[in-house]
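This report concerns only the one structure given below.
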């Protein structure tokens, strides 16, 4: 129904940001995604001005059903106004420029409409319009045995770095894949230990300088060893807070879940935990409490402790209820992770047999 250029146009719309008190998307991502889904269902292009009022109206109603506490009216008005004055030819030229850049940089382009688009991402509430990939995106069978090692960027080195590296090694040895974020700290140590079975999802376009710069060679090593780097943002889009936060949902969305090595209570890692819980994915948290007396800055591990506190509601940059916390799995020893992986492997085997 949509051409590849039109799908890139939608990913460009998704990528637009504005700076208010904080950096925010120009268009509400949930509403934009819902308008697209409705357009597919109704076979009505959202680029046809005659369809705009109906498509946006249906999308608003559906968003309200799922999120009755949110006000979508202002967002809908802005989206209707933009689409009504939409310069289609200019937008297609911009999309073709992004596709030319992708070809030059050897970036593969997979749209939501393509057969090889991962089903696990299609099932997200806000699936990417387009995936931009360098390297080899794993098959569904490989991703059925994948997790995401995440944690603090400025991690406590004595224990945090060692644990992240050890978890990466365990996943590699057990035949599990690690989908990280190419971040400094926990992400980097996890990637390095699982080279050969690791890939990264970035919050920036793949034609922009890798961030952090010191992980540029790591990205190259990942790709050269049958891995991948991926983004939902068009190649020219620079790193920004909106892209980084949105990226977190893709790490848990593409995998079986996340392993939190080390985090403070105010870290963005908490948003990644919230995403994974909402997706009903595994949330595995390293119990750092036993190291508490040895760690100089206690706040660096207070996120771990808070997530594993089954008695109290967590309220920081996200809200995580006691009920949600009950789904979190704590691990304190290597054997805990090995046992958990064995259990997940048995579940995967059973699911395949049933299917």
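The values are calculated or read from the model by the stated rules, or taken from the named source; none is laboratory data. The model shown is predicted, which means the values in this text are computed figures rather than measured ones. Backbone-built Cβ (ideal geometry, glycine too); neighbour counts: all protein chains shown.
Table: residues versus (1) touching a strand residue (DSSP E or B) at 6+ places or on another chain (Cβ under 6 Å); (2) touching a residue at least 60 places away in the same chain (Cβ under 8 Å); (3) surrounded by fewer than 13 Cβ atoms within 10 Å (Cβ to Cβ).
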position	(1), (2), (3)
23	yes, yes, no
37	no, no, no
45	no, no, no
58	no, no, no
74	no, no, yes
90	no, no, yes
103	no, no, yes
### Query
Quick one: is residue 181 on the phi > 0 side of the Ramachandran plot and buried (at least 20 other Cβ atoms within 10 Å of the Cβ)?
no
### Task
Can you tell me which residue within segment 310-355, out of those that are surrounded by 15 or more Cβ atoms within 10 Å (Cβ to Cβ) and without any contact (Cβ under 8 Å) to a residue 24 or more places away in the chain, is nearest to the chain's Cα centre (by Cα)?
325
### Query
Given the conditions (1) more than 28 Å from residue 129 (Cβ to Cβ); (2) modelled with pLDDT of 95 or more, which single one is not true for residue 266?
(2)
### Query
Would segment 239-258 turn up any residue that is out of contact with any helix residue (DSSP H, G or I) (no Cβ under 6 Å at 6 or more places or on another chain), part of a loop (DSSP other than H, G, I, E, B), touching a residue at least 24 places away in the same chain (Cβ under 8 Å) and closer than 20 Å to residue 12 by Cβ?
yes
#### Entry: Enumeration of residues in segment 118-135 that are touching a residue at least 24 places away in the same chain (Cβ under 8 Å) and in a helix (DSSP H, G or I)
120, 121
### Query
Is it fair to say residue 113 is in contact with a helix residue (DSSP H, G or I) (Cβ under 8 Å, 6 or more places away or on another chain) and under 23 Å from residue 347 (Cβ atoms)?
no
